[in-house]
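For reference, the structure is listed below as structure tokens.
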Amino acid sequence: MTPLTLFARRFVAGERPQDAVRAGQQLQAKGIKATFDKLGEDVNDAAAAGRATEAAKELLRLIPAGLERNVSIKMSSMGQRISRDLCLANVSSVLDLAKEVSGFVRLDMEGSALTQDTLEIFHELRKRHDNVGIVLQASLHRTADDVREAVRRGDRVRLCKGAYKEPPQIALQDMAKIRQAFKACAHLLLDGAPRPAIASHDEELIGDTIAYTKEHGILPSSFEFQMLFGLRKSRWESLVAEGYTVRIYVPFGTHWIPYFYRRLRERRENVLFVLRNLFR
Ligand SMILES: Cc1cc2nc3c(=O)[nH]c(=O)nc-3n(C[C@H](O)[C@H](O)[C@H](O)COP(=O)(O)OP(=O)(O)OC[C@H]3O[C@@H](n4cnc5c(N)ncnc54)[C@H](O)[C@@H]3O)c2cc1C
């Protein structure tokens with residue numbers, strides 16, 4: 001556990017679930033939706049995985065009526081690295097609780113060592129649950145095939161570039177190629193998958209989604225944009241004003257360091273923000 005520093009506060013809503021819920025209410029007042037994430041990943045003992053599972057359920061119970069009960073989880077925090085059966089049991093119990101409260105659970109995608117396993121567990125969960133969605137990372141070479149499979153299965157997908165450093169055998173390295181792959185995957189999802197989520201702050205990709213959906217008569221109500229807490233706030237509001245659905249990923253908790261460093265690695269502007277505050 002690490003107390004939330006001033007720098008991390010830009011990207012993390014607070015330490016307690018109540019902080020995240022308050023952020024969600026503030027977003028809702030502006031017509032913006034939220035998905036809540038209790039930070040934590042890579043747990044190696046069953047007791048800790050059990051605690052993460054209970055925390056996700058507590059969060060679902062705590063989100064008040066009137067706010068969508070939409071949470072994002074990392075399966076590595078619920079025992080994925082220990083055993084598939086343990087992870088399946090834990091995540092299933094979260095989905096059962098989510099169903100009771102009309103909630104939705106998104107399985108975040110982690111590093112490529114877990115991609116295949118994550119998809120297999122997701123497909124297993126989908127046999128019994130319809131309130132669960134997956135994330136696919138456009139930068140991975142495999143993802144175009146995974147997107148086609150998701151469309152065939154009718155899965156709910158969040159498409160992002162991919163936040164983990166991967167080798168060239170696994171993932172594209174060049175941003176122009178990643179953008180090209182993202183657009184191709186997004187078009188497939190927008191054409192054929194239920195309520196895809198286009199998760200990016202990249203204006204080229206947001207603009208491409210708007211142009212593609214207009215050109216193909218795809219209604220704004222049939223997909224959503226997603227962005228991260230603390231990044232491009234004014235764009236959230238302008239998209240809502242243009243009639244689009246926007247959902248913000250609202251992380252909270254004390255295990256914020258890996259999440260924070262992924263944000264710093266992504267963008268020079270985020271590092272500059274931290275440095276400016278360091279020397280203020
Ligand atoms: C809701 C959500 C959920 C995610 N879930 C996952 C997940 O489960 N697994 C995973 O691996 N990754 C996830 N990610 C992270 C994602 O994979 C990327 O690492 C992250 O979004 C950075 O890529 P980007 O496309 O947003 O833009 P970047 O590649 O960071 O930036 C590209 C361009 O976007 C524009 N831009 C970006 N930020 C700004 C800004 N603040 N102001 C102005 N312009 C800006 C600039 O033109 C910039 O050059 C998620 C991202 C989001 C938004």
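Just a few scattered comments:
- Among residues of the range 120-148 that are in a strand (DSSP E or B), those with a beta-carbon under 6 Å from a residue that is open to solvent by 10 Å² or more (accessible area, probe 1.4 Å) and among the small types (Gly, Ala, Ser) at least six positions away or on a different chain give the pairs Gln137/Gly162.
- Failed item in (1) at pLDDT 95 or above; (2) within 13 Å of the ligand (Cβ to nearest atom); (3) open to solvent by less than 70 Å² (accessible area, probe 1.4 Å), with Leu231 passing the rest: (1)
- Residue check, Asp208 within 25 Å of Leu114 (Cβ to Cβ) and either within 12 Å of the ligand (Cβ to nearest atom) or surrounded by 15 or more Cβ atoms within 10 Å (Cβ to Cβ) (or both): no
Residues checked against (1) buried (at least 16 other Cβ atoms within 10 Å of the Cβ); (2) more than 20 Å from the chain's Cα centre (by Cα):
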| site | (1), (2) |
| --- | --- |
| Gln137 | yes, no |
| Thr143 | yes, no |
| Glu149 | no, no |
| Val157 | yes, no |
| Gln169 | no, yes |
| Asp174 | no, yes |
| Ile178 | yes, no |
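- Among all positions in the range 153-163, there is at least one residue which is assigned to a loop (DSSP other than H, G, I, E, B), within 26 Å of Ala98 (Cβ to Cβ), touching a residue at least 12 places away in the same chain (Cβ under 8 Å) and among the acidic types (Asp, Glu).
- Pairs with Cβ under 6 Å, 6+ apart, first in the range 94-107 and under 17 Å from Arg158 (Cα atoms), second of a type in the set (Phe, Trp, Tyr): Leu107/Phe122
The values are calculated or read from the model by the stated rules, or taken from the named source; none is laboratory data. Keep in mind the model is a prediction, meaning the values are calculated, not measured. Reconstructed Cβ throughout: ideal geometry from the backbone, glycine too, with neighbour counts over all protein chains shown. Note: accessible area is taken over every heavy atom of the protein model, side chains too, but ligands, DNA and RNA are not part of it. Shrake-Rupley method; radii C 1.70, N 1.55, O 1.52, S 1.80 Å.
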